[in-house]
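Peer 1: Handing you this structure, nothing more for now.
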Amino acid sequence: MVGRKSFTVSVLLLWCLTGAAKDKKKALLPADVVEAHTVFVLIDPDAGIAVEHPNANRMAREDVEQALMKWGRYSLVMEPSTADLIITVRKGSGKIARPTIGGVPENNDIGVIQPTDSGGRVGVRQGNPGISSGPRPQMEVGESQDMFVVYRNNKENPSGSPLDAPAVWRYSATDALASPEVPAVAVFRDLISKSEKQLNKTP
């Protein structure tokens, strides 16, 4: 009887370890994402402007762009059509529900000037404003933490929005987009590194 129990425990332990290994493998990124060269960062189009901190999302986007440029792996582009990856950011408030102002597209900056140690970039950001009905108060309900979401850009189907497809990877945590560390970029960087090592080991 004891032997049977021991065998059952061993099988369950092996199953758990195998499942964990599979989950870990699934968590790594596919080759096309690891080999991407260009990135476009935009504010989540579904995010409203926070009443308490109206510039929170724009500042988060700029902080993410600065962190990506400091990393140096990707070239940040000014038009989503030329990007391999699309990254959306959304600043959390720590609350499930909060009042925001909707109907105001935040991704239509007229000009962008971003100085960095490596030079920086200047250009016109081409967002995807969609149809706007004008500013309106709303109650935004959902994720309370900062959000950092990565999408593939399907260049072969430019008429379809890449944000309509399933996300490649998403990360949410308190202060995930906080400057100067921007933990979301640090976690993404670590995941890219691990994925690259795994791909290099694959025969």
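The values are calculated or read from the model by the stated rules, or taken from the named source; none is laboratory data. Note that the coordinates shown come from a computational prediction; the quantities given were computed from them, not determined experimentally. Ideal geometry is used to build each Cβ from the backbone, glycine not excepted, and the neighbour counts take in all protein chains shown.
Peer 1: From the list Thr82, Thr88, which one is crowded, with 20+ Cβ neighbours inside 10 Å and hydroxyl-bearing (Ser, Thr, Tyr)?
Peer 2: Answer to the selection: Thr88.
Peer 1: So which residues in region 31-88 are within 19 Å of Arg170 (Cα to Cα) and of a type in the set (Gly, Ala, Ser), if there are any at all?
Peer 2: Hits for region 31-88 are Ala31, Ala36, Ala47, Ala60, Ala67, Ala83.
For (1) surrounded by 12 or more Cβ atoms within 10 Å (Cβ to Cβ); (2) under 24 Å from Ala83 (Cα atoms); (3) basic (Lys, Arg); (4) at pLDDT 90 or above, each residue gets a yes or a no:
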site	(1), (2), (3), (4)
Arg136	yes, no, yes, no
Glu140	yes, no, no, no
Met147	yes, yes, no, yes
Tyr151	yes, yes, no, yes
Gly160	no, yes, no, no
Arg189	yes, yes, yes, yes
Glu196	yes, yes, no, yes
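Peer 1: Report, by residue number, each residue of region 166-179 that is in a loop (DSSP other than H, G, I, E, B) and either at pLDDT below 90 or touching a Gly at 6+ places or on another chain (Cβ under 9 Å) (or both).
Peer 2: Thr174, Asp175, Ala176, Leu177
Peer 1: Taking the stated definitions as given, is Arg61 at pLDDT 90 or above, in contact with a helix residue (DSSP H, G or I) (Cβ under 9 Å, 6 or more places away or on another chain) and among the charged types (D, E, K, R)?
Peer 2: No, not satisfied.
Peer 1: Say we look at region 82-107 and pick out the residues that are under 21 Å from Pro162 (Cβ atoms) and touching a Pro at 6+ places or on another chain (Cβ under 6 Å); which of these is modelled with the highest pLDDT?
Peer 2: Restricting to residues being under 21 Å from Pro162 (Cβ atoms) and touching a Pro at 6+ places or on another chain (Cβ under 6 Å), the top hit is Ile86.
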